[in-house]
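The values are calculated or read from the model by the stated rules, or taken from the named source; none is laboratory data. Everything numeric here is computed off the predicted structure, so don't read it as measured data. Counting neighbours? That spans all protein chains shown, and the Cβs are built from the backbone with ideal geometry, glycine included.
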Number of protein chains: 2
Amino acid sequence: MESSCDPVKTRALNNIRIVLVRPIYGGNVGSVCRAMANMGLSDLALAGAAPSIDFQDARKMACWAGSILEQRRDTATLAEAVSDCAVVMGATARLGLYRQHSQSPRACAPRILETAQTGKVALVFGPEDNGLSNEELEFCTHLVQIPSSDNYRSLNLSHAVMICAYELFVASELFVPAQEKSPEAPSAMKERLFAMWEQALLEIGFMEDDKAQHMMLGVRRIFSRGQLTEDDVRILMGIARQTRWCATQAQGRPGGQGS
Amino acid sequence: MESSCDPVKTRALNNIRIVLVRPIYGGNVGSVCRAMANMGLSDLALAGAAPSIDFQDARKMACWAGSILEQRRDTATLAEAVSDCAVVMGATARLGLYRQHSQSPRACAPRILETAQTGKVALVFGPEDNGLSNEELEFCTHLVQIPSSDNYRSLNLSHAVMICAYELFVASELFVPAQEKSPEAPSAMKERLFAMWEQALLEIGFMEDDKAQHMMLGVRRIFSRGQLTEDDVRILMGIARQTRWCATQAQGRPGGQGS
């Protein structure tokens, strides 16, 4: 569960700029900062932000990602915000003449990361109410469309940024997922387990000798439904061992099986 | 860009319940509703929600997904909220004894959808401040960990729900991505294009006969960097045609090439 420290991949994420065009709500801007920090991004530009934007809300929603908010660049236009970017990827939820050649965030992530190894890439998101205008889409070398339900296509601004940033972070392979510390148990170890359970189930009187093979098929099936690690098998062997000890004790008592 | 109407896949999404345990902020609950609607989910449960929760904030952030908020189930405990669920998947950002066997949202999506074809599945998210407790994790048959940066692991609640819901929606294949209407141009069509450009570039005097083959290698390379559709090739043929017409006109004028 550690991140790798690959400097090339880290540089690629550093070269990706999130551009919010004419954002309206400070809370969304702050939520975007937090999403960026969660996914290893840090370069934020606001192009033509509404003068009424509430930066106190933004700071509140940014939580521990306030530095991204403080270090953002403010530009008057989209053209200024993306002038140094080789790839300008515009997010769009709608269809239309200008929007036919859109790709999914997953499909375009490798292309973005490849370009970002050497140059700047902008990911551009329109305002909360209407998205990017056709004039703004002309600046975009590529379009990205986030998969969403026909019944409600329009995502919250920070949710749209989060999905794109998440796909880039996953594609960067900087995140190393959790690994089971105990390996999956090999066949011979599982066979020893089944032999111990068979003995235990006979000794407690759960099954008779002539039914044992049939019953054990059911037990084998239950324990084969998911992966069993060596740790899992050791727990189950311990249960069999203790069950057999208990059966021996019971046989020695009045009213016990063997009395 | 249409969603498919596969009834089995739609039923699977209908069988997935988002459970928020002890949520604190109404705004987050509303944002979760919107994220769910965006990704085709509709079953929301709040387990032990804070009495102080601001449902006006929730309604505001839910936007057009208010019906999910209204139709939610409120339970006192997590146990009640998941009692009818075959798979209970708990989201966790932290490590520890109880959290080793976590999977990524992408890795566990197929398993969730498979179970959800016949039974209920719960996706469980802890409160904004501390996540799920160890006692609550005991109810979870599986754990999911969202990839995030070592520098800032903790996601906003609605962002965490959005990423899980997005992975399920993508895995359901209910979303059919945009398709280029024009197919990629076949070789013979591209060769006709290059022949027309060669003629035009000779006629405007951009290159001499003996350099033509070499220059055309550069032109071929430029037009081969990305896919060219048949529509693209028709535009580029039109440019060559008009260029040749223009060159002919220039030759007839005083001061023109041919004069």
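Pick out the one residue from B:Asp129, B:Asp150 that is within 23 Å of A:Glu167 (Cβ to Cβ) and not small (Gly, Ala, Ser). Going through B:Asp129, B:Asp150 in turn, just one is within 23 Å of A:Glu167 (Cβ to Cβ) and not small (Gly, Ala, Ser): B:Asp150. Tell me, yes or no, whether the stretch A:221-236 has at least one residue that is under 30 Å from A:Val144 (Cα atoms) and assigned to a helix (DSSP H, G or I). No. Of B:Ala107, B:Ala86, B:Ala62, B:Ala35, which residue is modelled with pLDDT under 95, within 25 Å of the chain's Cα centre (by Cα) and of a type in the set (Gly, Ala, Ser)? After applying the criteria, what remains is B:Ala107. Could you please give the count of residues in the stretch A:1-17 that are more than 14 Å from every other protein chain (Cβ to nearest Cβ) and of a type in the set (Val, Ile, Thr)? Within the stretch A:1-17, residues that are more than 14 Å from every other protein chain (Cβ to nearest Cβ) and of a type in the set (Val, Ile, Thr) number 1. Scanning the stretch A:105-138 for residues that are under 17 Å from A:Arg94 (Cβ atoms) and outside any helix (DSSP H, G or I) yields a total of 10. Would you mention how many residues in the stretch B:215-249 are free of Cβ contacts under 8 Å to residues at least 24 places away in the same chain and more than 30 Å from A:Arg111 (Cβ to Cβ)? Adding up the residues that qualify gives 3. For the stretch B:29-40, taking the residues that are of a type in the set (A, V, I, L, M, F, W, C) and closer than 19 Å to B:Thr75 by Cα, the one that is farthest from the other protein chains (Cβ to nearest Cβ) is identified as B:Val29. Considering only the stretch B:43-60, I want to know if a residue exists there that is within 30 Å of A:Arg94 (Cβ to Cβ) and within 13 Å of chain A (Cβ to nearest Cβ). So far as the stretch B:43-60 goes, yes, one or more of its residues are within 30 Å of A:Arg94 (Cβ to Cβ) and within 13 Å of chain A (Cβ to nearest Cβ).
Among the residues of the stretch A:76-86, those that are surrounded by fewer than 21 Cβ atoms within 10 Å (Cβ to Cβ) and farther than 25 Å from A:Ser154 by Cβ comprise A:Ala76, A:Ala79, A:Glu80, A:Ser83, A:Asp84, A:Ala86. Condition test on A:Phe194, is it on the phi < 0 side of the Ramachandran plot, part of a loop (DSSP other than H, G, I, E, B) and modelled with pLDDT of 90 or more? So A:Phe194 does not fit the description; no. A search for C-beta distances below 7 Å between a residue of the stretch A:101-129 that is within 14 Å of chain B (Cβ to nearest Cβ) and any residue that is surrounded by fewer than 15 Cβ atoms within 10 Å (Cβ to Cβ), counting only pairs 6+ apart in sequence or on different chains, returns A:His101/B:Glu180; A:Ser104/B:Pro177; A:Thr115/A:Ala86. Among the numbered criteria (1) loosely packed, with under 15 Cβ neighbours inside 10 Å; (2) over 30 Å from B:Gly26 (Cα atoms), which single criterion is violated by A:Pro51? For A:Pro51, the exception is condition (2).
If you go through the stretch B:169-186 and keep only what is closer than 16 Å to A:Pro105 by Cβ and buried (at least 17 other Cβ atoms within 10 Å of the Cβ), you end up with B:Phe169, B:Val170, B:Ala171, B:Phe175, B:Ala178.
Exactly one residue among A:Ser158, A:Ser182, A:Ser148 is closer than 28 Å to B:Val170 by Cβ, assigned to a loop (DSSP other than H, G, I, E, B) and within 14 Å of chain B (Cβ to nearest Cβ), and that residue is A:Ser148. Condition test on A:Ala62, is it assigned by TED's automatic domain parsing to the domain that holds A:Ser149, surrounded by 18 or more Cβ atoms within 10 Å (Cβ to Cβ) and farther than 28 Å from B:Glu173 by Cα? In short, yes. Among the residues of the stretch B:14-43, just one is surrounded by fewer than 22 Cβ atoms within 10 Å (Cβ to Cβ) and among the hydrophobic types (A, V, I, L, M, F, W, C), namely B:Ile24. The single condition among (1) under 30 Å from B:Asn38 (Cα atoms); (2) over 39 Å from the mean Cα position of the chain (by Cα); (3) among the aromatic types (Phe, Trp, Tyr) that B:Phe175 does not meet is (2).
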